[in-house]
1. Taking springs between alpha-carbon atoms closer than 10 angstrom, which of N278, N161, N212 fluctuates most in the Gaussian network model of the chain?
2. Quick one: 3J(HN,Hα) in Hz for the range 109-117, Karplus 6.51/-1.76/1.60 with θ = phi - 60°, rounded, Gly and Pro as x.
3. Give a quick list of GluC sites (Glu not before Pro) in the range 104-165 that DSSP marks as loop, anything other than H, G, I, E or B, with at most 16 other Cβ atoms within 10 Å.
4. Kindly put T52, T194, T245 in sequence by how many other C-beta atoms sit within 10 Å of each C-beta, fewest to most.
5. Any idea which of S240, G264, S73 is furthest toward the positive side of the dipole for the range 27-272, if Lys and Arg beta-carbons carry +1 and Asp and Glu beta-carbons -1?
6. Place a +1 charge on the Cβ of each Lys and Arg in the range 209-307 and a -1 charge on the Cβ of each Asp and Glu, then give the dipole magnitude about the Cα centre in debye, rounded to the nearest 20.
7. From the phi of every residue in the range 279-289, what ³J(HN,Hα) in whole Hz does the Karplus formula 6.51 cos²θ - 1.76 cosθ + 1.60 yield, where θ is phi - 60° and glycine or proline is x?
8. Rounding to the nearest 20 debye, state how big the charge dipole of the chain is about its Cα centre with +1 on each Lys and Arg Cβ and -1 on each Asp and Glu Cβ.
Amino acid sequence: MKCDICPHNCDLHHNGLGFCGYRINNLGKFSAVNIDPIEKKPLYHVYPGSKTLSLGSIGCNLNCPWCQNWQISRVKINEFELKELKVEDLINILDKNSLDSVTFTYNEPTLSYEYITENSKVLKDSGFKVNIVTSGYISSKYLEPFYENIDAVNVDLKSFNHKTYSKIIGGDLDTVLETLKYLSKSHCWLEITTLLIPDLNDSTKEIDKLSNWIKNDLGSNIPLHFSAFHPCYKYNHKNSTPKETIFAAIDIAKKNGIEYIYPGNIGISDKTSTFCINCGNKLIHRDGYNIKNYLKNSNCPKCDNKLPGLFI
């Protein structure tokens, strides 16, 4: 049989495994079940200060040599002990811990397409929010059913270079850009993360192209996270991303009209807080995962300008 969930279009032979190492009839099994701050995803404009039930399985349909979760993304299903959770189990965990949302994260959620598509509706009907953290590498015909009952998405835009995607990551940039275009016009709240890796995707030219495209094709109010790389997996030989590179990328994106830009993986910084673009008033204070929300009905308490996102 053939799997066409993503553009790899794998032929599943006798062992039932394709490129991702997961797409067989053993869905709904997880390698990681945690309760995390929503900001850790990162989702900065989604119920600030709340916690979410984070679920991850194994496998990935891309092959980033810098993967920070390679211990679960680069194994096959028959090589890892997994815990099966039905939607009833998720609801019990949510109720027991007084949580309002589930986030499918850590590895690529697209691989659990059937499980997420079916159970996100059950979770929504039960009054819970459902979030996705993804690379966005999914065939276009599956976008609408997959995201129908999803509230918020963070897409990892790994580079703005076609060769980086095809030669290093094992995918194609255009597919990810189409996913981003779809999500920007959908009901889902969208945020974007780019991990800046020295001498790979951190050039002024590439950051300028990336942020210009987001502004022109998606919109100026989509939060953009620039995260710092730290040596990992097959990129242990590379240096960590300097803070100066992150701040320079923020300056470029701001000059190109992106309204909400945040640094990640560099420690505590005033730049992680959210400010009103109209009057400059601080709306959400972030000190690590200590969050103070000053919004009034999603609006700035000083000038009443509305902050885009999902808020109570």
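FYI, it's all coordinate maths here, none of it is from the lab. On a predicted model such as this, the values are computed, not experimentally measured, just so you know. All Cβ positions, glycine included, derive from the backbone under ideal geometry; neighbour counts span all protein chains shown.
1. N278
2. Whole-Hz 3J(HN,Hα) from phi for the range 109-117: x, 3, 5, 9, 3, 5, 4, 5, 4.
3. E148
4. By the 10 Å Cβ count, ascending, the order reads T245, T194, T52.
5. S240
6. Values: 14 positive and 7 negative charges, 11 e Å.
Dipole magnitude for the range 209-307 comes out near 60 debye.
7. 10, x, 5, 6, 9, 9, 8, 10, 10, x, 9
8. With only Lys, Arg, Asp and Glu charged at Cβ, the dipole is about 580 debye.
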